[in-house]
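The values are calculated or read from the model by the stated rules, or taken from the named source; none is laboratory data. Keep in mind the model is a prediction, meaning the values are calculated, not measured. Methodologically, a virtual Cβ is constructed for each residue, glycine included, from the backbone with ideal geometry; neighbour enumeration extends over all protein chains shown. Surface accessibility is based on the protein's heavy atoms, side chains included, excluding ligands, DNA and RNA. Shrake-Rupley method; radii C 1.70, N 1.55, O 1.52, S 1.80 Å.
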Amino acid sequence: MNEQSLNLPVTGMSCANCAANITRTVSKLEGVTDANVNFASERLLVDYIPSIVSLDTIVSEIRKIGFNLIVADEGQDEKDVEEIARHAEIRDQMQKFIVGVIFALPLFIISMSRDFGLIGSWSHAPWVNWFFLFLATPVQFYTGLDYYIGAYKNLKNKTTNMDVLIALGSSVAYFYSLAILVLPGLGGHVYFETSAVIITLIKFGKLLEARTKGKTGGAIKKLIGLQPKTATIVEDGEEKEIPISMVKRGDIVVIRPGERFPVDGVIIQGRSAVDESMLSGESLPVDKAKDDRVTGGTVNGEGLLKFKATRVGKDTALSQIIRLVQEAQGSKAPIQALADRVAAVFVPAVIGIAVITFGIWWGITGEFVPSMIRMVAVLVIACPCALGLATPTAIMAGTGKGAENGILFKRSEALENAAKLEIIVLDKTGTITMGKPTVVDQIPVETSRLSSDELLTLAASIEKGSEHPIGKAIVTFAQEKGLVLNDPINFKAHSGFGVEAQLDDPRLDNQVFRFGKPKWFEQDSGMPDAIQEVIRKLQNKGRTVMVLAKDKDVQGIISVSDVLKPESKQAVKELHAEDLKVVMLTGDNLQTARAIAGEVDVDDVQAEVRPEEKSGKVKAFQQNNVLVGMVGDGINDAPALAQADIGFAIGTGTDVAIETGDVILSSGKLTGIPKAIKISRKTIATIKQNLFLAFVYNIILIPVAAGILAPFDMFPEFLRQLHPILAALAMAVSSISVVTNSLWLYNADIR
């Protein structure tokens, strides 16, 4: 059975309990294997089996409980549909807020002025209270309509959320005041301004919260903004502009200076420098020429290019990056479990506390109104939103920060666990080193009277027809230096030793040249002692040494090695600075491994490890609950990446390694590892700060609203008798403070 994953926008949520309600509802459906709703990003991540449950069924079940899933119809752009729906929702909320301000502000001013004796005796006339009812009613039932609808649907589904608290708290004040108005015999003060200002303030807080919440998802918006809307293709010899959705694999696409590549492809004509910072986080452009790959979303420099489209639509690297970041932001980190457990019982507990508060104060004082005011303050000040936002907003900011630096966390669990790593295991070939041999030394014998370039030209000319990786590396190196090579004549390979040939150059008098391993020449007396000493030193450094001889006279040596990546040494240094033990794991011989290890200063070397043994080595490091991160790029690294607590896949490596890894370094640079760990540690620190703020807020302010400070004269009156309006303001501030704290992650220094 084929499983399908979807990541779709949700509308209509007011707090973390709403997200939990949707998650529970969808998870219960037969055919759904996993579901999670992220309150901060307002998206549903669901894995399901289409042959058992359809998307229409999932949408229908979500709508039944009072929420909506935004699904694009065929031919519609999903991003455009979501943007339209979000804007419509914000317009509706803004309109309701404006109505709230128009009616609640004069109500609040006149009511407070009357209470403080700032206006004349006319304000105590009976008609004034009826005027207050006229002002309060549109706020209660239009601005506050969403809270009533949300409360009704949640109670109908036997769940509770923030809407229940707000509807209950404001209704108590409104309907008590209405009863006083309709039944004057009850006497007492009306509190229409309390209910109206509570609803308006909370609506304002939710608008600010939505705005700041949107900023935590700024990385996704930036990535989506990198996708051009159109592309210029060549068809029947003519250029024409088409929507990007119509570009097909195999199309020839024209890209001009300053334009973004619309899709992935391979250059067939032209040269340019390409800004790939959106992939790697590196600002320096990368030179591109014929046969080089280009990626959609990157920016062409100064050259006119033509390229053949190889990956389009959802298959492009940028689309996959966006999907990975969305999935990471939508997944649930283990640290969120505590907040979820609290949120599940939070609203019923608050209602219970409010009722108990009312009962205690009415029993102590015998006064109904002050007891009611305290009950309303408790209902309004309680905020499950701050708890619900504490983890997901930080996860969104952390994964966004990673994406901006070419680091893709596939799951929020990886973002959390990377902070706990104690050992980093590095594969050698393709991870610490470039993964391909290259010429390192060119040392002519003094008596040969050859320059280093002449020595290289002779060796590369002999190897010109070779299929051996070392021979290819020497030929490529010589060609990159612009050396002119001759064709070999009478080429002959000597298995296990080297090759020999004459060269098509009249100046060389048909002399036979041999190029191969030093042991091939050991029996010849023409090998100078000084050269033998140089060979030993180079071999001790782990380099492969080849000797060039003319007949039996040694002309010089060329060494080849899989050289270090430029950033490897710095990366290991930064990992040590983060108190991590660094281990190198390789199938190479111990001598070569130690030579490389000495250059980058790793703590331990595991050499001559067969591919099937790598995962076992990682498992051995994991003893005693030690968390291990594995970094690799090849197929043979996949089992070890899967075994590790966190698998870091080099983004320039194989698809298998990337699929297996938990964190992808799209830049292919090892310095991404310490950056990823710094981002993880700063994100976890932010989550803990957010949870502290949310818990402390509720632990302190709910008792204050309940009147715990009332007996203590040293506290100001507004704290001893906390007014529901101040409680509503405090609730809005709590959510905004948590989101704002998460936003600071974007400014974190991870250099």
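Kindly indicate whether VAL739 is touching a helix residue (DSSP H, G or I) at 6+ places or on another chain (Cβ under 7 Å), open to solvent by less than 20 Å² (accessible area, probe 1.4 Å) and more than 26 Å from GLY352 (Cα to Cα).
Details: touching a helix residue (DSSP H, G or I) at 6+ places or on another chain (Cβ under 7 Å): yes; open to solvent by less than 20 Å² (accessible area, probe 1.4 Å): yes; more than 26 Å from GLY352 (Cα to Cα): yes.
Spelling it out, VAL739 is indeed touching a helix residue (DSSP H, G or I) at 6+ places or on another chain (Cβ under 7 Å), open to solvent by less than 20 Å² (accessible area, probe 1.4 Å) and more than 26 Å from GLY352 (Cα to Cα).
What residue, among those in the range 469-492 that are free of Cβ contacts under 8 Å to residues at least 12 places away in the same chain and closer than 22 Å to TRP520 by Cα, is surrounded by the most Cβ atoms within 10 Å (Cβ to Cβ)?
The residue in question is LYS472.
Just one of the numbered conditions (1) in a helix (DSSP H, G or I); (2) surrounded by 21 or more Cβ atoms within 10 Å (Cβ to Cβ); (3) among the aliphatic types (A, V, I, L, M) is not true of LEU44; which one?
The number of the failed condition is (1).
Looking for something crowded, with 23+ Cβ neighbours inside 10 Å and β-branched (Val, Ile, Thr) - is there at least one such residue anywhere in the range 351-366? Before the answer, list the steps.
Initial filter on the range 351-366 (crowded, with 23+ Cβ neighbours inside 10 Å): 354, 357.
Within this subset, residues satisfying the condition of being β-branched (Val, Ile, Thr) are 357.
Looking through the range 351-366, at least one residue is crowded, with 23+ Cβ neighbours inside 10 Å and β-branched (Val, Ile, Thr).
Checking ASN405 against (1) farther than 30 Å from ILE679 by Cα; (2) open to solvent by less than 80 Å² (accessible area, probe 1.4 Å), only one condition comes out false. Which one?
Tallying (1) farther than 30 Å from ILE679 by Cα; (2) open to solvent by less than 80 Å² (accessible area, probe 1.4 Å), ASN405 fails exactly one: (1).
Looking at (1) part of a helix (DSSP H, G or I); (2) over 22 Å from ILE335 (Cβ atoms); (3) open to solvent by less than 10 Å² (accessible area, probe 1.4 Å), find the lone condition where ILE677 falls short.
(2)
Take ILE708 and tell me if it is part of a helix (DSSP H, G or I), open to solvent by 60 Å² or more (accessible area, probe 1.4 Å) and modelled with pLDDT of 85 or more. Outline the logic, then answer.
Numbers: part of a helix (DSSP H, G or I): no; open to solvent by 60 Å² or more (accessible area, probe 1.4 Å): yes; modelled with pLDDT of 85 or more: yes.
No: the conditions fail for ILE708.
Pick out, from the range 540-635, the helices (runs of 4 or more DSSP H) lying fully within it that include 2 or more residues that are among the β-branched types (Val, Ile, Thr) and closer than 23 Å to HIS468 by Cβ. So that I can check it myself, show each step before the final result.
On the way: elements: 568-577, 590-600, 614-621.
In the range 540-635, 590-600 are the helices (runs of 4 or more DSSP H) which contain 2 or more residues that are among the β-branched types (Val, Ile, Thr) and closer than 23 Å to HIS468 by Cβ.
So LEU665 clears everything in (1) within 30 Å of LYS569 (Cβ to Cβ); (2) surrounded by fewer than 24 Cβ atoms within 10 Å (Cβ to Cβ) except one condition, right? Which one?
(2)
Here's the yes/no breakdown for (1) touching a Leu at 6+ places or on another chain (Cβ under 9 Å); (2) basic (Lys, Arg); (3) at pLDDT 85 or above:
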| residue | (1), (2), (3) |
| --- | --- |
| PHE521 | no, no, no |
| MET527 | no, no, no |
| VAL534 | no, no, yes |
| ILE557 | yes, no, yes |
| SER561 | yes, no, no |
| SER568 | yes, no, yes |
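Would you check which residues across the range 307-335 are surrounded by fewer than 18 Cβ atoms within 10 Å (Cβ to Cβ) and either more than 13 Å from the chain's Cα centre (by Cα) or at pLDDT 80 or above (or both) and list them?
As a first pass, look at the range 307-335 and keep what is surrounded by fewer than 18 Cβ atoms within 10 Å (Cβ to Cβ): 308, 310, 313-315, 320, 323, 334.
If the condition is that a residue be surrounded by fewer than 18 Cβ atoms within 10 Å (Cβ to Cβ) and either more than 13 Å from the chain's Cα centre (by Cα) or at pLDDT 80 or above (or both), then LYS308, THR310, GLY313, LYS314, ASP315, PRO334 are the ones that fit.
Within the range 24-42, how many residues turn out to be farther than 24 Å from ASN741 by Cβ and within 22 Å of the chain's Cα centre (by Cα)? Give the steps one after another, and end with the answer.
First pass over the range 24-42, keeping only residues farther than 24 Å from ASN741 by Cβ: 24-35.
Then keep just the ones that are within 22 Å of the chain's Cα centre (by Cα); that gives 34-35.
Residues in the range 24-42 being farther than 24 Å from ASN741 by Cβ and within 22 Å of the chain's Cα centre (by Cα): 2 in total.
Any idea which residue in the range 447-463 is farthest from the chain's Cα centre (by Cα), counting only those that are surrounded by fewer than 17 Cβ atoms within 10 Å (Cβ to Cβ) and more than 13 Å from PHE477 (Cβ to Cβ)?
Looking only at the range 447-463, we keep the residues that are surrounded by fewer than 17 Cβ atoms within 10 Å (Cβ to Cβ), and these are 447, 449, 451-454.
From the residues that got through so far, the ones that are more than 13 Å from PHE477 (Cβ to Cβ) too are 447, 449, 451, 454.
Details: THR447: 60, ARG449: 58, SER451: 52, GLU454: 51 Å.
It comes out as THR447.
So if I check each of ILE84, ILE90, ILE52, ILE98, which one is open to solvent by 40 Å² or more (accessible area, probe 1.4 Å), within 13 Å of THR200 (Cβ to Cβ) and among the hydrophobic types (A, V, I, L, M, F, W, C)?
ILE98
Determine whether ILE395 is buried (at least 24 other Cβ atoms within 10 Å of the Cβ), in contact (Cβ under 8 Å) with a residue 60 or more places away in the chain and more than 16 Å from ILE166 (Cβ to Cβ). Spell out how you get there, then give the answer.
On the way: buried (at least 24 other Cβ atoms within 10 Å of the Cβ): yes; in contact (Cβ under 8 Å) with a residue 60 or more places away in the chain: yes; more than 16 Å from ILE166 (Cβ to Cβ): yes.
Judged against the criteria, ILE395 is a match.
Mind checking which pairs have a first residue in the range 688-703 that is touching a residue at least 12 places away in the same chain (Cβ under 8 Å) and on the phi < 0 side of the Ramachandran plot and a second that is of a type in the set (A, V, I, L, M) and open to solvent by 40 Å² or more (accessible area, probe 1.4 Å), Cβ under 7 Å, 6 or more apart or different chains?
Close Cβ pairs satisfying both conditions: ILE702/ILE353.
Of all residues in the range 11-32 being farther than 20 Å from ALA344 by Cα and of a type in the set (A, V, I, L, M, F, W, C), which is surrounded by the fewest Cβ atoms within 10 Å (Cβ to Cβ)? Give the steps one after another, and end with the answer.
Pass one, the range 11-32, residues farther than 20 Å from ALA344 by Cα: 11, 29-32.
Right, trim to of a type in the set (A, V, I, L, M, F, W, C) and you get 29, 32.
Values: LEU29: 16, VAL32: 19.
The qualifying residue surrounded by the fewest Cβ atoms within 10 Å (Cβ to Cβ) is LEU29.
Find all pairs meeting these conditions: Cβ atoms under 7 angstrom apart; at least six residues apart or on different chains; first residue within the range 1-28 and closer than 19 Å to ARG411 by Cα and in contact (Cβ under 8 Å) with a residue 12 or more places away in the chain; second residue surrounded by fewer than 15 Cβ atoms within 10 Å (Cβ to Cβ) and of a type in the set (Asp, Glu).
From the range 1-28, the pairs are GLU3/ASP47; SER5/ASP47.
Between TYR697, TYR746, which is buried (at least 20 other Cβ atoms within 10 Å of the Cβ) and within 21 Å of ALA397 (Cβ to Cβ)?
On the way: TYR746 fails: buried (at least 20 other Cβ atoms within 10 Å of the Cβ).
Answer to the check: TYR697.
Given the condition open to solvent by 10 Å² or more (accessible area, probe 1.4 Å) and either among the aromatic types (Phe, Trp, Tyr) or more than 45 Å from the chain's Cα centre (by Cα) (or both), answer yes or no: does some residue in the range 569-590 qualify?
Within the range 569-590, none of the residues are open to solvent by 10 Å² or more (accessible area, probe 1.4 Å) and either among the aromatic types (Phe, Trp, Tyr) or more than 45 Å from the chain's Cα centre (by Cα) (or both).
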